[in-house]
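Asks: This is the structure I have questions about; it appears just below.
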Amino acid sequence: MLASLPRPPSDSSRYGTFPQKPDLPAAPGALVEDGEQQAAAATAKRSAPMPNYPSAPRRSGFVPGEPSLPPSRGSLTAQYPRGRPSWCPPAAPQEAGARLYPLHALSVANIPNSSRGKTSARSSTVHTPEGLQSRRCKLLEEDSPTVQAGKRQRQRYVTKVGKCQVNLGNIQDKKRFLSDIFTTIVDLKYRWFLFVFMMCYIITWVVFGFIYFFDAWVRGDVGHQGDPEWRACIENVDGFVSALLLSVESQRTIGYGTRMVTANCAEGVILLMAQSIVGSMIDAMMVGCMFVKISRPKKRAQTLIFSKNCVISRRDEKLCLMFRVGDLRESHMVDAKIRAKLIKSRQTAEGEFIPLEQSELNLGYDTGEDRLFLVEPQIICHVINRHSPFWDMSAESLRREQFEIIIILEGIVEATGNHCLVAGMTCQARTSYTEDEILWGYRFEPCMSLEKGAFQVDYSRFEMTFEVQTPAASAKELHELKELEQQEHSTLSLYWDHLLQPCALPGP
C-alpha cells in the first residue's frame, strides 16, 4: 500500500529547456570531431526559435528525518574557491552528465544588462576538446559565490542609506513648481537656498532704493540739498547710495534719523507703506522656509539603522525572511510603522514586460506586528507562505533571481524639552536589500543583556549572524513534503487500526 502512494518525481530533466551535454569519447580524434559537431549543432539551435518555458524550482535532496544544511559562508568559500574549481582538472577529459545552465538563463526578464551579452559572447565559439573543457569550467566558475557577487553589481532602485536612484527628466509643464513655491524653495540645496534667501532681500532693497532716488530727483530734492527754504519730500537723499541706505533702514526698521520721508508728498508715504508690507511678506516666507529646512526630520533618519543583510531561516516551523532595525537615540519614535516592497521585473503571459514592478511584503499588517515600539533593536519577520512572492524560491533559485527589497520605516519625531514645534513631524528611513545580501540558513545573534537592573543593548553585535540548520528547499516544497508525510501517517494509522480491530465473535 505504501508503494502505491504518490511520491515526488525524482527525474528533474523535464524542467529544463536546454539539452544535456553528451559524454565525451575516449579517442582524441573523435573528441575533435565531436566538438566541431556540437558547435555546429549549438549554432543551429541558437538560430531556431526556442520556447521560453517557465523554470521550475530545482528539486533538492531533502529527505524526511535528514535535514539538509544550506551552503554557509565558510563552506561556500571552501567549496567554491576563487580559482579553478576542484572538479575541473586542467587537461584530462571528464564525463559531463550534468546540465549546464547559464546564470541568466533561468532568471525572469529584467532590465537589459551589458554583462549578459559579454557572457554569451565569451562562451560562444568552441573548436577543441580543451575549449569544451575550459567552457565547462568557466560556467562552473560562474556559479561560485565570488564570481557571482562581482557579476551582479547593478544599479539599485534605493541605496543602502535610503536615497532613491531615480532622476526625473523631460518635464514639460514646469510651471507647476512655481505654483508650489514654498515646497520648491524648501527642497533646494543649501547653497541655492541661501542664494535665494539673500537675493530676495537685496533685490527689494535695490528696487525701492531706486524708486526713492527717482522720486527725490523728479521733485528736485537732490538739487536743493542744504537749502533751508526748500520743503523736501525725502530729506538728506543726494544720490543713489543714500537712497539705498534709506531703503534698507526703512525695511529693516533701523531708523537712524538722518534720512527720512516727510509729509510734504503723498507718494513718499504710500511708497513707505508698500515697502513695509513687502518686507513683512518676505520675512514671513524666508524665515518660515529657513525654519522648516533646518527643523526637517530628514536628519533624524540617520540614527535609524538597518542590518546589512537579510536572513532566511525557520521560526515556529515556518520559513521566514528576517532583518533587524534599531534606533540609536534615546528619544524614541512615536507610532513607528514598517513596511516592505519587492521590486522585480517580470513578463506577463501576454508578453508585456513590466520593469520594476512593486509588490507588497506582509510584515504583520493583519496582526499589528508592523507597528513597532522601537526602544531596543527588533527583528522584523516576513513569513514565507503561499501569499508570499518567495513561496516557490529555494536556496539554489535565490542565487539566480534578480530583485530588490525596499524597507520603509516611518514614525513621528518625539517632542523633547522645549522642542515642541518639532512634534508631529513624520520621519521616514529607507534601505534596500538585493538577492546577494540575503543569507540562507542564518539567524541574528542577540544583542541585549541584563546588567545592573537594566537592559543593555550592545550595538557591536547588531550585524552579527550565525548559521542554523535550515533546509535548502523552498517553502512550497517543504509544505508539500509535510502534507505527504501527514498523508502517509494517516494511511498507516488507518491500516494499523484495521489490523488491530478485534474480530466480532459469533453469537450463540
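The values are calculated or read from the model by the stated rules, or taken from the named source; none is laboratory data. Values in this document were obtained by computation on a predicted structure and should not be read as measured data. All Cβ positions, even for glycine, are placed from backbone atoms using ideal geometry, and neighbour counts span all protein chains on display. SASA here: full protein model, heavy atoms, side chains in, ligands and nucleic acids out. Shrake-Rupley method; radii C 1.70, N 1.55, O 1.52, S 1.80 Å.
Asks: List, please: which pairs have Cβ atoms under 7 Å, are six or more places apart or on different chains, and start with a residue in region 391-403 that is closer than 24 Å to Val158 by Cβ and basic (Lys, Arg) and end with one that is open to solvent by less than 30 Å² (accessible area, probe 1.4 Å) and assigned to a loop (DSSP other than H, G, I, E, B)?
Replies: Arg400/Leu103; Arg400/Ser107
Asks: Report every pair of residues separated by at least 6 positions or lying on different chains whose Cβ atoms are under 6 Å apart, first residue within region 187-198 and more than 20 Å from Pro297 (Cα to Cα), second at pLDDT below 95.
Replies: Phe197/Met286
Asks: Right, another one. Only one of Arg314, Arg231 is of a type in the set (D, E, K, R) and part of a strand (DSSP E or B). Can you tell me which?
Replies: Just a single option satisfies the conditions, and that option is Arg314.
Asks: Further, regarding this structure: Residue check: is Met333 modelled with pLDDT of 95 or more, in the same structural domain as Ala395 (by the TED database) and out of contact with any helix residue (DSSP H, G or I) (no Cβ under 8 Å at 6 or more places or on another chain)?
Replies: No: the conditions fail for Met333.
Asks: So for region 366-376 (the condition being among the hydrophobic types (A, V, I, L, M, F, W, C), free of Cβ contacts under 8 Å to residues at least 24 places away in the same chain and open to solvent by 60 Å² or more (accessible area, probe 1.4 Å)), does at least one residue qualify?
Replies: The answer is no; no qualifying residue exists.
Residues checked against (1) open to solvent by less than 40 Å² (accessible area, probe 1.4 Å); (2) more than 30 Å from Pro446 (Cα to Cα):
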| residue | (1), (2) |
| --- | --- |
| Val218 | no, yes |
| Asp227 | no, yes |
| Trp230 | no, yes |
| Thr262 | yes, yes |
| Met273 | no, yes |
| Val278 | no, yes |
| Ala301 | yes, no |
| Val311 | yes, no |
| Lys318 | no, no |
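Asks: Return the residue satisfying two criteria in turn: it lies in region 338-365 and is hydrophobic (A, V, I, L, M, F, W, C) and buried (at least 16 other Cβ atoms within 10 Å of the Cβ), and of such residues it is farthest from the chain's Cα centre (by Cα).
Replies: In this case the residue turns out to be Leu363.
Asks: Considering each residue of region 303-360, count those that are touching a Pro at 6+ places or on another chain (Cβ under 6 Å) and within 26 Å of Tyr459 (Cα to Cα), and give that number.
Replies: So the answer is 2.
Asks: May I ask you to list the residues in region 242-276 that are farther than 12 Å from Tyr212 by Cβ and not in a helix (DSSP H, G or I)?
Replies: Arg252, Thr253, Ile254, Gly255, Tyr256, Gly257, Thr258, Thr262, Ala263, Asn264
Asks: Restricting to region 446-491, count the residues that are under 30 Å from Glu330 (Cβ atoms), loosely packed, with under 12 Cβ neighbours inside 10 Å and touching a residue at least 60 places away in the same chain (Cβ under 8 Å).
Replies: Looking only at that region, the number is 2.
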